[in-house]
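The values are calculated or read from the model by the stated rules, or taken from the named source; none is laboratory data. Small disclaimer: the values here were computed from a predicted structure and weren't measured. Cβ placement follows ideal geometry from the backbone for every residue including glycine, while neighbour counts extend to all protein chains displayed.
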Amino acid sequence: MLLPWELLILLSLNSCLAERIIRHGPVFTQEPSDSVFPLTAEDNKIFINCKAKGSPAPHYKWKFNRKDLDVDMDYSLVEGNLLINNPQATKHSGVYQCIATNAFGTILSREAKVEFAYLQNFSSKARSPVLVREGQAVVLLCGPPPHFGGTFYCILYEFECYFFYYYYFKQIHNLKSDVFLVEITFFSPLWSMMGEYEPKIEVQFEKMLHIAKGSSVRLECFALGNPVPSISWKRADGSPFPGKMKINHSNGVLEIPYFRPEDSGLYECVAENSKGRSIAKGRLVFQSKVQYNESPQYMHCYCSDLHWECKANGKPQPVYRWLKNGHPLVSQDRIRVAGGGLTIYNMNLMDSGMYQCLAENDNGVIYASAELKVVASPPDFSKNPVKKTTLIRRGGEAIIECRPHASPRASYSWRRGNEFLKDSKRRTISEDGTLRIANVTKSDAGRYTCVAKNPFGTSSSSGTLVVKEPTKITVPPLSMDATVGESIVLPCEVSKDSTLYPVFKWFFNGKLIDFSRHDHFGMIGVSSSGDLMIRNVQLKHSGKYVCMVHTAVDSVSAAADLIVRGPPGAPVGVLVGDVTDRTAQVSWGPGPDNHSPVTLYIVQARTPFSIGWQAVKTVPDSVPGQMTLATAVNLNPWVDYEFRIAAINNVGVGEPSVPSKPVRTKAAGPEIAPANVSGGGGSRGELVIVWEPVPEELQNGEKFGYVVAFRPLGTTTWKQSVLASADASRYIYKNDTFQPLTQFEVKVGVYNEIGEGPFSPVVIVYSADEEPSVAPPRVWARSLSASEIEVFWEPVHQSGSKGWITGYEVCKYQKWMEGKKIDAERVRVPESSVIITGLKGSTLYLMSVRAHNSAGTGPSSTPISITTKKPPPSQPPGNIEWNLTNSKVFLNWEHVKAMDNESEVTGYKVICFFFLLSLFCLLVKPFQICSRNFL
């Protein structure tokens, strides 16, 4: 038996030696598994795996049929693996289990079965012949010989084998086979014919089958009967079979692959023929292997109590067992085992070891392992001393924790100075060593020491309690109203201990305001105040604001509600109904009033012809805030309208609603006549009438058109013409019988599919004039430059021409060139002279003039010829030289000699530039000096 101090020295020594090696108990990395061994195998050995890791490395033992296995000639260990030499079914069949052990404890592997596959011969005893009558069904029982492992059966009839039952295991190979003969005698005398009878089920599945999760199920059902009965399957609850199920109706087999919980239930086999039916029932029960949900974990424990929980899933519900170092644990003394839970109270070093939880049901058992290390040490404050200084406000509760490292747990006492403290109304010492002082006063300030003690030693740690004056909010924020766009300040001012520095924080609707991310919020004030400024307040700023002040000893807060009033929100659900040609009823739902009641609604409309949204006249004329219905009036017929609503309150006009769906007013007769009716002009014998078309939004319906009415001035009968086009704006009436410039009374009316509308006021329109009959009596011209000629003519006297003259047309063209005539160009002018530009230099042109009016042009004057001047020299002066003397500049250049087709040089133009340089820019001021210099 080691003394406590010897244990501590041993633990410390082990820790030093294992500084770089993590020492732990054994953990299996490979466990044995079930195997079936064929007796006829060539390799006459069985190898069972077992491997574990641990530090120090574990050593191994084995159990056979739950008894310790002695390694002899039949067995040998290869590391942790077990090798069975010359295996025999009678000697080596059974359950094997691997045991791994090191200095920290022992663990058991899962159990593994070793079985041997064999097939013996059929019995040599002869079987009696089977006698059957014609029409009678027969069942031949195989009666297989003793065997183990996968087998299959078949009926050999006329040298052909008919398989009817089959299993296969991957572990079984090279099994021998055997045959047993059965004689069937058939006879059919008339008196022995088998009559018809109802079905009788001879072969059926069991009444209750427990099926493991994921396995395949094969249910067989065979019935005798005459006629041969049909076999069908169903579920007793009537639910349909899933698509994965396979039914072989010919031999009455139902196969269910991958068995799941939903496949469990009562199944029925129905055999039926014309004589009756027979039913066999059986229940399939779902079972699943055990799987862990929660298992114990490695524990390096300084605590006094331990609780491990082990939870697993499975069907049936698993039961639990606990092992310590391979031995069963039961509830006794300090140990309590309850289901999957293990609790150890008042732990000591002897509780260290390897623990295992076993969960098992009918489908198997699983193991979960964990290591427990219990460490013993005296109280130690080196990593967690008593807080050196504890600040507390006067009237508050002081909490001074004492948390030394100790195993087992220490007992605690406190002293102030040299005086040990006892529990009182204001002072308590809890089991975990925490000292609590309620309603602290200034006299409680001082130095406090915690003393911790356990069987391995005693230690202490001290700290100082400092009492401060409490913080109070003297100017709290007040609830208030604000209008959108204003800037407001919520005050927050405190009184505090002079040695404390408060920290102000503001919360908006429970969230801390980050002033670096919000442009609207700002905090202002000195050390004792932290006022909140909200700039350009918006509706979203309505809510609860909390000012929280933190000091080293306490925290205080005050709250206020801010209501932001703004223009009303947009109305909702605009609907239009009861539409006529001039009116429409508009209804809507109120939007949010944003804390200021709606006083008025505005109804706005938009058409494809309007510029944006326009307010419309309504009934009532002014829609009060309590109403959500109005009638829009003075609308245009046959026009598509959209409506929207805007609300007004004392703050302003709110956002408009979403527009309504477009609606079209009903059609009506036209009410607007064409405007600006006039006319005149045209060719001789024509009366031309023009007007401004009526806009589409004023046509009031479909099939809109015009009615043109006219009559000679002084007559009483109107002549009318209908134009079935809404876009018509011109009408020409042709009659060669009336004289030029005959006066007509003219008016234009409108109509649509509903009816006729008004006519425009009557206006006087003249019929067409006739062409001028006289040419200008005299035409002359002069050349201005190489590209310009000015043409003059003497106007035609109005009295000498039949038509009214409104202007003149000047024609220019070049003379015949190389046998071709250049196309004429015409210019119309109202005056009696014109300058023709864009001409070629030194070129002969022919010019003629003729008068024109609305009816056409008159005869041309006799052409005159004129030649443009030669073009100026095309070459610039060369070799320019200059010389600056005082304030004069002297220039010299070579004379330009004109070419034959260029005009003579008569002078030169000198262009000078002054460049004024300043600090910031360069200014250029040109002026011209014209001079002649003959060299």
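Some observations on this one:
- SER93 being of a type in the set (S, T, N, Q), within 30 Å of ALA370 (Cβ to Cβ) and surrounded by 14 or more Cβ atoms within 10 Å (Cβ to Cβ): no
- The range 588-612: number of residues that are buried (at least 16 other Cβ atoms within 10 Å of the Cβ) and among the small types (Gly, Ala, Ser): 3
- Pairs, first closer than 16 Å to VAL203 by Cα in the range 239-258, second among the aromatic types (Phe, Trp, Tyr) and modelled with pLDDT of 85 or more, C-beta under 7 Å, six or more apart: LEU254/TRP233
- Qualifying residue in the range 200-207 (condition: at pLDDT below 80, in contact with a Lys or Arg (Cβ under 7 Å, 6 or more places away or on another chain) and of a type outside the set (Lys, Arg)): no
- Residues of the range 501-527 that turn out to be in a loop (DSSP other than H, G, I, E, B) and of a type in the set (Lys, Arg), as a count: 1
- Restricting attention to the range 363-377 and to residues that are in contact with a helix residue (DSSP H, G or I) (Cβ under 8 Å, 6 or more places away or on another chain) and part of a strand (DSSP E or B), the residue that is nearest to THR106 (Cα to Cα) turns out to be LEU372.
- Qualifying position, being over 15 Å from GLN585 (Cα atoms), modelled with pLDDT of 95 or more and not in a loop (DSSP other than H, G, I, E, B), among ALA630, ALA646: ALA646
- Filtering the range 550-586 to residues that are crowded, with 16+ Cβ neighbours inside 10 Å and small (Gly, Ala, Ser) leaves ALA552, ALA558, ALA560, GLY566, GLY569, ALA570, ALA584.
- Yes/no for MET548 being assigned by TED's automatic domain parsing to the domain that holds PHE508 and in contact with a Gly (Cβ under 6 Å, 6 or more places away or on another chain): no
- Within the range 89-124, the set of residues being closer than 25 Å to GLY143 by Cβ and in contact (Cβ under 8 Å) with a residue 60 or more places away in the chain comprises GLU115, PHE116, ALA117, TYR118.
- Of all the listed residues (ILE366, ILE392), the sole one being closer than 30 Å to THR29 by Cβ and either of a type in the set (A, V, I, L, M, F, W, C) or not assigned by TED's automatic domain parsing to the domain that holds VAL451 (or both) is ILE366.
- Exactly one residue out of ALA632, ALA646, ALA615 is surrounded by fewer than 16 Cβ atoms within 10 Å (Cβ to Cβ) and among the aliphatic types (A, V, I, L, M), and it is ALA615.
- Screening LEU846, LEU884 for residues that are out of contact with any His (no Cβ under 9 Å at 6 or more places or on another chain) and surrounded by 11 or more Cβ atoms within 10 Å (Cβ to Cβ) leaves exactly one candidate, LEU846.
- The residue that is modelled with the highest pLDDT, among those in the range 409-421 that are more than 17 Å from GLY446 (Cβ to Cβ) and crowded, with 17+ Cβ neighbours inside 10 Å, is TYR412.
- Residue pairs meeting the criteria (Cβ under 8 Å; at least 6 apart or on separate chains; first in contact (Cβ under 8 Å) with a residue 24 or more places away in the chain, in the range 372-394; second among the basic types (Lys, Arg)): PRO379/LYS453; LEU391/LYS468; ILE392/LYS468; ARG393/LYS468; ARG394/LYS442; ARG394/LYS468
- In summary, LEU7 fulfils each of the numbered conditions (1) more than 20 Å from GLU115 (Cα to Cα); (2) at pLDDT 90 or above with the single exception of condition (2).
- Residue check for SER557: closer than 30 Å to TYR501 by Cα, over 37 Å from the mean Cα position of the chain (by Cα) and either in contact (Cβ under 8 Å) with a residue 24 or more places away in the chain or not in a strand (DSSP E or B) (or both): yes
- Matching residues, the range 745-756, being in contact (Cβ under 8 Å) with a residue 60 or more places away in the chain and in a strand (DSSP E or B): VAL746, LYS747, VAL748, GLY749, VAL750, TYR751, GLU756
- When the range 849-876 is limited to residues that are of a type in the set (D, E, K, R) and part of a loop (DSSP other than H, G, I, E, B), the one that is farthest from LYS734 (Cα to Cα) turns out to be LYS870.
Okay, residues lined up against (1) more than 28 Å from HIS595 (Cβ to Cβ); (2) surrounded by fewer than 16 Cβ atoms within 10 Å (Cβ to Cβ):
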residue	(1), (2)
THR458	yes, yes
LYS468	yes, no
LYS472	yes, yes
PRO476	no, no
SER479	no, yes
GLY485	no, yes
VAL494	yes, no
ASP497	yes, no
